[in-house]
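Below is one structure, written out as structure tokens, with a few remarks after it.
The values are calculated or read from the model by the stated rules, or taken from the named source; none is laboratory data. This is a predicted model, so every value here is computed, not measured. Counting neighbours? That spans all protein chains shown, and the Cβs are built from the backbone with ideal geometry, glycine included.
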Amino acid sequence: MNDRIIEHTESDIHSRLLMSRGAQRHRRLGTLAGNTVLITIASSSLIALLFIFYFIIKDALPFFQIEGVTEFFTSSRWYPSREEAEFGALAIFVGSALVTLGAIVVAVPMGVLAALCLSDILPFSVRQVVKPVIEMLAAIPSVVYGFFALVVFAPLLQEKGGGMLSVGAMIVLVPVSLIGIGVASDLIGTRFNEKTRNIARIISAGVMAAVMAFVLWKLNSFFGGLKIGSGTNALNASIILGIMALPTVVSVSEDALNAIGRELREGSYALGATRAETLLKVVLPAAKSGILAAVILGVMRAIGETMVVWMASGNAARIPQPIFNYLEPIRTLTATIAGDMGEADHVTGSARYHVLFAMAFCLLVFAFVSNLVSEMILRRSRKKLG
């Protein structure tokens with residue numbers, strides 16, 4: 001009887017060892033397959049990137065050999081179709097920078113604030129409605145945005161520009177101001193004892209509300225008398241590009257804020273911190289690397305867009321006077337590449353053809369350097385956070 005029990009036990013142990021070995025074999029095969037897929041994808045991406053760089057550089061170098069570098073980067077005289085062509089792209093670089101900066105000013109503050117509201121402020125029921133509405137903006141084709149900017153927004157901006165800007169400023173600044181006043185008054189109240197805390201919050205909120213009302217009144221007076229000569233200008237393109245980049249900034253920033261976890265928030269509350277202190281001193285510093293990634297992606301979304309800036313910016317290759325005058329038409333790198341490629345001389349390989357590849361090369365270099373700098377900043381912030 002005991003021999004049978006021992007034999008049964010030994011066979012059971014043997015079968016379990018076989019099953020364990022089989023599971024380990026399957027696990028190793030799965031790991032090997034996963035690593036193979038990752039290496040294949042990474043290698044394919046690297047090869048594709050190298051091919052893109054190679055072919056763009058191959059067609060960009062002849063332009064610099066023919067025309068040189070100085071005129072391209074320092075002159076604003078862009079006359080590629082003349083008999084004695086001039087290829088000064090400084091005004092085009094300035095136009096790209098203005099539109100990108102304007103889009104960042106529109107998208108980043110609103111996007112980060114919306115992400116904070118979605119992750120920590122709004123109730124779940126409201127969040128379920130607001131988030132899909134914001135994400136729907138990313139599903140709209142860029143040509144639809146461009147058509148709207150050219151056919152609808154540009155005439156309104158030209159006819160009723162001052163009033164529209166005033167209303168837009170109110171729509172954006174009022175909720176931002178209310179949230180800012182609430183957070184600031186909460187932080188000020190923490191500096192007082194329990195008896196005077198609420199009084200300090202009410203007084204500080206009232207003072208800040210009065211100051212903000214005065215600022216909004218001044219802005220309304222300024223925008224109300226503003227006359228806009230052309231609706232297709234840098235402002236039009238910046239606003240539309242900012243709206244297009246908004247879903248990217250909101251989505252990535254919200255993911256970064258949610259990745260912090262509830263433990264840090266609950267620990268901060270347990271130590272006596274208010275919601276404002278927790279958001280500003282705990283959540284935002286911990287999520288700054290993800291928010292920075294959202295900003296970089298928003299910049300790439302804005303600077304790489306073609307259709308909207310082609311249809312809404314006015315396509316005037318000149319530097320605005322003064323340089324930050326967003327009410328004047330401008331021209332960008334992407335719009336120039338898209339608009340002039342059909343007219344360039346492909347057969348003879350003229351300078352007008354190769355200059356477009358020189359612009360594309362500049363865009364690639366900017367994107368590469370931006371990603372490299374953002375990666376360095378992300379690594380440094382991760383080291384600080386431990």
So SER268 fits all but one of (1) surrounded by 18 or more Cβ atoms within 10 Å (Cβ to Cβ); (2) in contact (Cβ under 8 Å) with a residue 60 or more places away in the chain; what number is the exception?
-> (2)
Could you check VAL250 against (1) modelled with pLDDT under 80; (2) over 30 Å from GLU328 (Cβ atoms) and say which number it fails?
-> (1)
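ARG82: closer than 30 Å to TYR326 by Cα, touching an Asp or Glu at 6+ places or on another chain (Cβ under 9 Å) and of a type in the set (Lys, Arg), yes or no?
Numbers: closer than 30 Å to TYR326 by Cα: yes; touching an Asp or Glu at 6+ places or on another chain (Cβ under 9 Å): no; of a type in the set (Lys, Arg): yes.
Criteria not met by ARG82.
Take the conditions surrounded by fewer than 16 Cβ atoms within 10 Å (Cβ to Cβ), part of a helix (DSSP H, G or I) and either at pLDDT 85 or above or not polar (S, T, N, Q) (or both) and apply them to VAL176. Does it pass?
yes
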Among the residues of segment 69-112, count how many are more than 22 Å from VAL355 (Cα to Cα) and touching a Gly at 6+ places or on another chain (Cβ under 9 Å).
-> 9
Taking PHE93, is it more than 22 Å from PRO247 (Cα to Cα) and within 24 Å of the chain's Cα centre (by Cα)?
-> yes
Limited to segment 326-343, what total is found for residues that are without any contact (Cβ under 8 Å) to a residue 60 or more places away in the chain and either in a loop (DSSP other than H, G, I, E, B) or among the polar types (S, T, N, Q) (or both)?
-> 2
Could you grab the pairs with beta carbons closer than 9 Å, sequence gap of 6+ or different chains, first residue in segment 288-309 and at positive phi, second one modelled with pLDDT of 85 or more?
-> none
Any pair with Cβ under 6 angstrom, 6 or more apart, that starts in segment 40-58 at a residue that is surrounded by 10 or more Cβ atoms within 10 Å (Cβ to Cβ) and ends at one that is modelled with pLDDT of 85 or more | ILE56/PHE357; ILE56/ALA360; ILE56/PHE361
Identify the residue in segment 239-265 that is under 18 Å from VAL112 (Cβ atoms) and among the small types (Gly, Ala, Ser) and, among all such residues, is surrounded by the most Cβ atoms within 10 Å (Cβ to Cβ).
-> ALA245
Could you tell me whether VAL215 is over 30 Å from GLY88 (Cβ atoms), surrounded by fewer than 16 Cβ atoms within 10 Å (Cβ to Cβ) and among the β-branched types (Val, Ile, Thr)?
-> yes
Filtered residue count, segment 21-52, keeping only those that are modelled with pLDDT under 85 and closer than 15 Å to MET359 by Cβ | 0
For segment 274-319, the count of residues that are assigned to a helix (DSSP H, G or I), closer than 18 Å to VAL250 by Cα and either over 16 Å from the mean Cα position of the chain (by Cα) or of a type outside the set (Val, Ile, Thr) (or both) equals 17
